[in-house]
Each structure stands twice: as structure tokens, then as C-alpha cells.
Amino acid sequence: MKDNITTSDAASRRPEPAARGGRPRRRKLTFDRVTFFLAFLGVPLAIFVIFVLIPFGQAIFWAMTDWRGFSPDYNFVGFDNFTKMFQDDIFLKALRNVALLAAFVPLVTLTLALGVAVAITLGGPSKGPVRGIRGASFYRIISFFPYVVPAIIVGLIWAQMYDPNAGLLNGVLTGLGLDQFDTFAWLGEKAAAMPAVMFVIVWGLVGFYAVLFIAAIKGVPGELYEAAKIDGAGRLRTTISITLPAIRDSVQTAYIYLGIAALDAFVYVQAMVPNGGPDNSTLTISQRLFSVAFAKQQFGYATAMGVVLAAVTLVFAALVFLVNRLTGGGEGESKRKAPGSRARRAAAKGGAR
């Protein structure tokens, strides 16, 4: 009898649909809701439109002109700048260079950063609870230090270290008995210039992403690592099967940010090899754009390069999202939510009976 009363009371408290077809009645727009939408949606949207969409639209317009930058006069040339761009051997070489940077810099940086983060947070003694190595805070500070130094300073420091005559790197290598590096021009050899630039970019950014991954790993429940340890999983297996899936979103975000930084890479490269390196082997689109705009005063043509660089960046981000989706990204969250939703549906059916 009591169960029947409870069930009937619960049924009486269920909200009835206010419209046909089971659709709930729309909530009225009150002053509080309107001000909330205006403050937290309208203002950011207006800022995005004014400072992102409108300038990008203006860039597309100027990319179709022969504007010289310091004159109000210009002519509309349509897609001539884009046609000229893809017939420009120097621009195509810069495009290949940034594609090379985008392929290797994020992969190497994130691999090293993840290794540092795992070692600091999970590399403690194998006996006892899972914990980080001793002095983890010190190693976090040391790894993060290169990122604190401005990129232009990092580039200038390494340009001096790469100096073939008085550079520290050649001095150390010569001191170790490698006499072939006595006057080796790291930034003057076509085969060595791009790897040398990549090394500096990775060195300057790996600390930041290591700290990012450390914070993400600390958010993983410790019970997962304890269970893996009981099952006999080693550190490598634990990293691949538990850590990586748990911080997948952080890795995806970091990969996109690093890809954008690699596609630009203007500051590092300009500080070390401002002339584009031997045979333009380190020239980036940003450097070519800068040269065309301010040295040749072809701002319309340079703007077209900027539009292409923005399009390449969007394509890179889309590819990262696509690869993440094709390899199972986003399924983990739905699977974690599924048991809870099934339990709620089961409880609701039980209450109805």
C-alpha cells in the first residue's frame, strides 16, 4: 500500500508537457536571462566579430588588390596575387619549410614533454604508492625556464652558440675530440640549418608543454595507476594504456598550438637566420611575407600570403581534430557517461514499477 502511495505521489509530481507532442513550454525571456546572454554571449561574440572576422575579411579584400601599403591608391586584381604566389619558387620553398616544421616540431616536442611529465609525476620508486621522483618541483622549474626567456632572446643566444668561429657548441664538440666541428657552420650548411633551427624551437617550448602535461596527469585518478600496478603493468604500458588516453584532450590542444607556432616560427628563425638560410632552406612564410611587404612594398601580395598561411593553419587544426576522431577521440567520455545514464534509466524504470 505504501509503495502504491509513493508511486502515485511520484507520478503526480512529474511535469506534464505543456504542448502537443510532448514538447515543453518555452521559458519566458526575463530581464535576468537577457542580461546574462548579452554579458556572456553577446559581448564575446561582438569582440570576436570586430577583432577577428572583420579584419580577416579585410585581409581577403586587400589580398585581391595591388595596394603598396603607403598610398591610398590601389587596383583590384582579383586572384592574380594568388596565381603569382603559387608560381613563386621562393614562396613554394617557404611553404615546404613550414610544412616540415609542422610535421616534426610538434611531434618531437610533445614526445619529449610527455616523457618529462611522466618521469616527474610517475617516475618515483616502484615500491609503495605511485608517486613522482624526488625533487619534482625543482625539475619542473628547470624544464620551464627556457619558456620564460623571450623567443627573440633564445634565438639570439643560440645564434651565438652556433657561431662557426667562436660558438660554444663547436668549442665543446672540439674539446671532446670531434675536430671536424672546429669551424662547422651550423646555420650555414643547407643540410644542418633546418635541424638546428628545429632543435632551438623544441628546446624553447618543451618545458611549457611538460608543465601542461604534469598538470593534466595530476588530474588522473590515482586508483587507475594503483590497479595497473597490481596487475603488473610496467611504466611504459601504464603510460600508453592509462596516461595517454586520460590526457588525450590536452595532447590534442597542445598539438594544435604547437602546429600554429611551427607554421609561423618567425621570431626564432628571424633571430638566427634572417636571410632565410642557405638556399632558403630555413625560410618561412612569415619571413617571405615580411620581406615582400616592407622591402618591396607589395602589401597586397604579402596579404595574400597571410591569407594562405591562415588557411594552412585552419587545415592543420582540422587534420588534428580528424585524426583524433578517427583514432577514437571523444569516445572515452561517452563511454564513461553511458554507465551512469543506464543506471539512471534503470532506476527510473524501477520506480515506475
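Out of Ala119, Ala113, which single residue is under 30 Å from Gly232 (Cα atoms), of a type outside the set (Phe, Trp, Tyr) and at pLDDT 90 or above?
After applying the criteria, what remains is Ala113.
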- Task: Would you tally the residues in the range 239-294 being open to solvent by 40 Å² or more (accessible area, probe 1.4 Å), among the polar types (S, T, N, Q) and either under 24 Å from Val206 (Cα atoms) or touching a helix residue (DSSP H, G or I) at 6+ places or on another chain (Cβ under 8 Å) (or both)?
- Result: 4
- Select from the range 25-57 the residues that are more than 25 Å from Gly306 (Cα to Cα) and hydrophobic (A, V, I, L, M, F, W, C) and list them in ascending order. Leu29, Phe31, Val34, Phe36, Phe37, Leu38, Ala39, Phe40, Leu41, Val43
- Task: Working only within the range 78-93, note down all residues that are over 26 Å from Asn275 (Cβ atoms) and in contact with a Leu (Cβ under 8 Å, 6 or more places away or on another chain).
- Result: none
- Message: Tell me yes or no: at least one residue of the range 173-194 is assigned to a loop (DSSP other than H, G, I, E, B), among the aliphatic types (A, V, I, L, M), over 30 Å from Asp279 (Cα atoms) and open to solvent by less than 70 Å² (accessible area, probe 1.4 Å).
- Response: no
- Note on the structure: Counting only helices (runs of 4 or more DSSP H) wholly inside the range 216-273, the ones holding at least 3 residues that are modelled with pLDDT of 85 or more are 222-230, 248-264, 266-272
- Message: Among the residues in the range 153-163, are any open to solvent by 70 Å² or more (accessible area, probe 1.4 Å), among the acidic types (Asp, Glu) and either outside any helix (DSSP H, G or I) or free of Cβ contacts under 8 Å to residues at least 12 places away in the same chain (or both)?
- Response: no
- If we keep only residues of the range 206-231 that are open to solvent by 10 Å² or more (accessible area, probe 1.4 Å) and in contact with a Pro (Cβ under 8 Å, 6 or more places away or on another chain), then the residue farthest from Ile157 (Cα to Cα) is Glu226
- Test each condition in (1) farther than 20 Å from Gln297 by Cα; (2) at pLDDT 90 or above; (3) surrounded by 13 or more Cβ atoms within 10 Å (Cβ to Cβ) for Gly42 and report the one that comes out false. (2)
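Okay, residues lined up against (1) in contact (Cβ under 8 Å) with a residue 60 or more places away in the chain; (2) touching a Gly at 6+ places or on another chain (Cβ under 9 Å); (3) open to solvent by 20 Å² or more (accessible area, probe 1.4 Å); (4) within 16 Å of Met198 (Cβ to Cβ):
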| site | (1), (2), (3), (4) |
| --- | --- |
| Phe61 | no, no, yes, no |
| Phe76 | no, no, yes, no |
| Gln87 | no, no, yes, no |
| Leu112 | yes, no, yes, yes |
| Val116 | yes, yes, yes, no |
| Leu122 | yes, yes, yes, no |
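The values are calculated or read from the model by the stated rules, or taken from the named source; none is laboratory data. Just so we're clear, the structure is a prediction, and the values are computed from it rather than from any experiment. So basically every Cβ, Gly included, is an ideal-geometry build from the backbone, and we count neighbours across all protein chains shown. Note: areas computed on protein heavy atoms with side chains; ligands, DNA, RNA excluded. Shrake-Rupley method; radii C 1.70, N 1.55, O 1.52, S 1.80 Å.
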